[in-house]
Every structure is written in structure tokens, then in C-alpha cells.
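The values are calculated or read from the model by the stated rules, or taken from the named source; none is laboratory data. Small disclaimer: the values here were computed from a predicted structure and weren't measured. Neighbour counts are summed over all protein chains in view; Cβ atoms, including those assigned to glycine, are modelled from backbone coordinates with ideal geometry. What goes into the accessible areas is simple: the full protein's heavy atoms, side chains included, and nothing from ligands, DNA or RNA. Shrake-Rupley method; radii C 1.70, N 1.55, O 1.52, S 1.80 Å.
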Amino acid sequence: MAKEQLNVLNALDVAKTQWYHFTAIIIAGMGFFTDAYDLFCISLVTKLLGRIYYHVEASAKPGTLPPNVSAAVNGVAFCGTLSGQLFFGWLGDKLGRKKVYGMTLMIMVICSIASGLSFGHSPKSVMKTLCFFRFWLGFGIGGDYPLSATIMSEYANKKTRGAFIAAVFAMQGFGILAGGMFAIIVSSAFKAKFDAPAYEVDPIGSTVPQADYVWRIIVMVGALPALLTYYWRMKMPETARYTALVAKNAKQAAADMSKVLQTEIEAEQQKVEQSEVPGSSFDLFSKEFLHRHGLHLLGTTSTWFLLDIAFYSQNLFQKDIFSAIGWIPPAKTMNAIQEVYKIARAQTLIALCSTVPGYWFTVAFIDKLGRFTIQLMGFFFMTVFMFALAIPYDHWTHKENRIGFVVIYSLTFFFANFGPNATTFVVPAEIFPARFRSTCHGISAASGKLGAIVGAFGFLYLAQNKDKAKTDAGYPPGIGVKNSLIVLGVVNFLGILFTFLVPESKGRSLEEISAENEEEN
């Protein structure tokens, strides 16, 4: 039997789209803008770090980061993110969304600045400091996932909730774009001021001492957008669903939402107290929880895990794929700052053509087509395009076919973002009861980050050439790019299968989806 819904929650469900919805998107979305900027800007500067700190005398190629250092610099933020998602997800349900929301942002700001100030007399000590601060940067970023998604889903109305949560996530696209564009601006300015010969002409002179400032400036600017939204985050009231359903304070929930919605809402404390039904207060991972939500949690964790294996292995190693097909000239033909410029330019083009449009296509269609359809379609096309790249891979490496490769590569990105990359973020914020919502979203997101770690590190080794002579310095032979792409195609196919575990949440109230209003028989 269903219980009657509280007025304050009903008011939120049927509210017309208004100004506070958009401010919530910007306030929550700025965290994601910063997240994407921070996590992806490191892939822009890894080659530069190799040239500055790991130059080998009389080598034909510029210095590169040793495999273990490269894995640490790229992966340590993911490990931090995974920990942050679990910890802050749990804390968001324990203390309330708002109390924890400013904390995550402050950690991001401090650690972005500290990453750029990494110090030390030897390359090893600089890398250790950088990795330390990037771990804690990731920890703050991790907290933003469950909190932003939960806050947005609890603020939104049921008609356009999917679009609002997806819009918060879509700010990632702008973060990636901003990372690329800022790197282009900084590297162009330094290139104009401190011109240097190519590496093959003068190995030492090709990396000017000022290049050390380039990566530090790029990394530190990530703190700005987060800092700008801190004040607004602190002014947001706690979500009514947390206040009424978890903290059991209907009076406060009604007062907060009366201000936000600018309408009078009746406080129904009595209804909240009556809603304490024996048996409806089961714990996380209890038998009752697993019976009601176990398969849903398996669905959200597995699909996010599989999606991120494919998504991050592509994204972090874009520059290697571009080099392999000749979009970025051989490293020895450029100086250090020129190389940053070329990598940033390629990454920005991909973001502009496929990443950003994909996110906003999801925003436009998620409440029309539904989450399930978009996720299934996205995984299907990602599978098709991965195999289209992998099977005739030798064909794509010829100079005249490069544009075709980039088009199909862009399409896989487009359908990741107009597909599971957005929906795996939206759904866990809708289908679980309020008292577990942030925790379950954190668990799903952490599972995704585990996939990102597998994708990022696995691909680093897998994509190496089978011929030992052609591998990158310090890496064992791998299975080659072609076979790696086949593996990613299979991963995407598994994503299609696991999508069937995830329920459709379009157009329904959060309490209806999570069966929170259902009394025990």
C-alpha cells in the first residue's frame, strides 16, 4: 500500500522549471567543470614532464616518464576519486548533503594549487609531491559525484529531472574543453616569448627552463572555477528530501522550500512521524535492501564499471592514438612547448566536435527517450564503432585514411556521452531511497572509477607494440592498438547486457521509483 506523499516533496515534483533550477545546475556543475579540467589536464602535460625531468643524454627521442611514474601521475587521482566517492557518499547520507558539499570543493581548490607548486631537488621528489597532492585532489573530486547528483535529483521536478542531472554532468565537457583551450593559450604565449629549436636540432635547448612554468600554470588554474562557486554552495539550503525523509524535520523542509519555490508550503510534521512504519527502516545491504534494490545496485555498478574501462582508456591516451595515426608529428621534430600546443589542439578539437555535443544531446533527449533507451543505444554504437576501428586497423594507419579514423573515433566519444557516460551518472541518483541515495551513488561511481583505473593502466600496457623494439621506453611488449580496440569492443558489448538490470526512472517521483512510499505488507 502506498503512503500519501508529503506536500513539500509534491511541490518540488510538480514545480515549473524556474531560476533556482538553473542556479543549482551551475553551482553543482562547476564542481564537474573543475573535476574534468583537473583529471584531463594532466594528460596534456605528461609529455612535457617527461622532457623536463627525464631527459636522457644523447638519446634520439625526447625524455618520457618511466612507466611506473606515468601510471602513478595518471592514476593516483583516480585512486583518490574512488576513495572520495565512497567516503563522501556515505557522509552525505549521514550528515546531510549540504554540510559535506563545501568540504569537497575546498579540498579541490587547495590541492589544485598545491599540485602546481610541487617541489623538490630531484625528479623523483617533484613527482612524489605531485602524486601526493593529486591523490587528495581526486579525493575532493570523488565527493562531488554522489553529492552533486543527489542534490540535483532531490531539487528537480519529475518532468525534467533527467535533463537537470545530465546538465550538471555535462559541465564536464566544458571542463575538458577549457583544459585544452587554456593549454593552447599558455603554450602559444610561452612559444612566442621563448622560442626554441626542435629536439633533433638541439636536444638540451629544445626544452627551455621556462617550460617548467607551463605545466604548473595549467594545473593550478583548475582551482579558479571551484573557488568562485564556494560561496553559493554554502548558501544553498539542505534538500527537502533529506530534511524531511532522513532528518525527519518536515517543518524545516517546508520552510526551506517555501523560500526556494517562493510559495507557501504547509509543514506536515505529523505525517513524517506517522511514516515511521515498522519494517520500512531496513539497513544498507540488509536482506530487505538486497531483495528490493540488490539487482539495481548490480546494474548501476556493472554498467558504470564497463563504461569507464572503455571511456578512460580512450580519453587518457588520445595523444598516443593521435601520434600513432600521425595527427601529432614525431616528438623529436618539435620543441617541448610546441608539443604541448599540438596535443592540446588535437584534444580540444575532439572535445569540440564530439564530447561536448554528446553531453548536450543527452540533456535534450533524456526525458523524452528515457535513460534505458539512451544507455542501450550508446553502448550499442560504441561496440559497433570500436570494431569498425579495430578490425580494419591497418587500413586506418595509412595517411590518406586518417580523417576517417578520426571521424569514427569521434563518433565513439559522441555515443559514450550521448549514452552511458551520462546515464550511469543520472540513474543511481534516482532509483534508491533517500537515506541510501548518496551512498549508493558513491558505490556506483567508485565502481566506475575502478573501471577507469583498469582502462587507464591496462591500456597503457596492452596497447604497446608486439615488437619489443617498437615499444615505449621501459614497457614490455603488449597486444598492440588493434587488439586493444577489440577488447574494448567486447567490454562495450557486455555493457549492453548489464543495462537490462537498470530500471527506467523517467517521469516518476523519486519516492515512487525507490518504493519509499510503499508500506510493508
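Can you find a residue that is part of a helix (DSSP H, G or I) and polar (S, T, N, Q) anywhere in the stretch 383-397? Yes, the stretch 383-397 contains a residue that is part of a helix (DSSP H, G or I) and polar (S, T, N, Q).
Based on this model, can you work out whether residue 233 counts as open to solvent by less than 20 Å² (accessible area, probe 1.4 Å), in contact with a helix residue (DSSP H, G or I) (Cβ under 7 Å, 6 or more places away or on another chain), charged (D, E, K, R) and in a helix (DSSP H, G or I)?
On the way: open to solvent by less than 20 Å² (accessible area, probe 1.4 Å): yes; in contact with a helix residue (DSSP H, G or I) (Cβ under 7 Å, 6 or more places away or on another chain): yes; charged (D, E, K, R): yes; in a helix (DSSP H, G or I): yes.
When the stated conditions are applied, residue 233 passes them.
Checked against (1) touching a Ser or Thr at 6+ places or on another chain (Cβ under 9 Å); (2) modelled with pLDDT of 90 or more, residue 355 passes all but a single condition, namely (2). When 370, 404 are checked against the criterion of being over 16 Å from the mean Cα position of the chain (by Cα) and surrounded by fewer than 17 Cβ atoms within 10 Å (Cβ to Cβ), a single residue qualifies: 404.
Screening residue 36 with (1) surrounded by fewer than 22 Cβ atoms within 10 Å (Cβ to Cβ); (2) part of a helix (DSSP H, G or I); (3) touching a helix residue (DSSP H, G or I) at 6+ places or on another chain (Cβ under 8 Å) gives one miss only, at (1).
Just one residue in the set 164, 139, 88 is open to solvent by less than 10 Å² (accessible area, probe 1.4 Å) and among the aromatic types (Phe, Trp, Tyr); that residue is 88. Residues that are in contact (Cβ under 8 Å) with a residue 24 or more places away in the chain and either surrounded by fewer than 22 Cβ atoms within 10 Å (Cβ to Cβ) or touching a Phe, Trp or Tyr at 6+ places or on another chain (Cβ under 7 Å) (or both) within the stretch 464-489 comprise 472, 473, 474, 475, 481, 482, 483, 484, 485, 486, 487, 489, listed in sequence order.
Residues in the stretch 191-214: is at least one in a helix (DSSP H, G or I), open to solvent by less than 30 Å² (accessible area, probe 1.4 Å) and of a type in the set (Ser, Thr, Tyr)? Looking through the stretch 191-214, none of the residues is in a helix (DSSP H, G or I), open to solvent by less than 30 Å² (accessible area, probe 1.4 Å) and of a type in the set (Ser, Thr, Tyr).
Scanning the stretch 417-429 for any residue that is out of contact with any strand residue (DSSP E or B) (no Cβ under 9 Å at 6 or more places or on another chain) and either assigned to a loop (DSSP other than H, G, I, E, B) or without any contact (Cβ under 8 Å) to a residue 60 or more places away in the chain (or both) turns up at least one such residue. Can you confirm whether the stretch 126-136 contains a residue that is farther than 18 Å from residue 79 by Cα, out of contact with any Leu (no Cβ under 8 Å at 6 or more places or on another chain) and not acidic (Asp, Glu)? There is at least one residue in the stretch 126-136 that is farther than 18 Å from residue 79 by Cα, out of contact with any Leu (no Cβ under 8 Å at 6 or more places or on another chain) and not acidic (Asp, Glu). Residue 328 falls short on exactly one of the conditions (1) free of Cβ contacts under 8 Å to residues at least 40 places away in the same chain; (2) of a type in the set (A, V, I, L, M); (3) farther than 26 Å from residue 74 by Cα, and that condition is (3). Tell me which residues, restricted to the stretch 41-72, are open to solvent by less than 10 Å² (accessible area, probe 1.4 Å), under 22 Å from the mean Cα position of the chain (by Cα) and not polar (S, T, N, Q). Hits for the stretch 41-72 are 41, 42, 44, 45. Going through (1) modelled with pLDDT under 90; (2) aromatic (Phe, Trp, Tyr); (3) surrounded by fewer than 16 Cβ atoms within 10 Å (Cβ to Cβ) one by one, residue 282 falls short only on (3).
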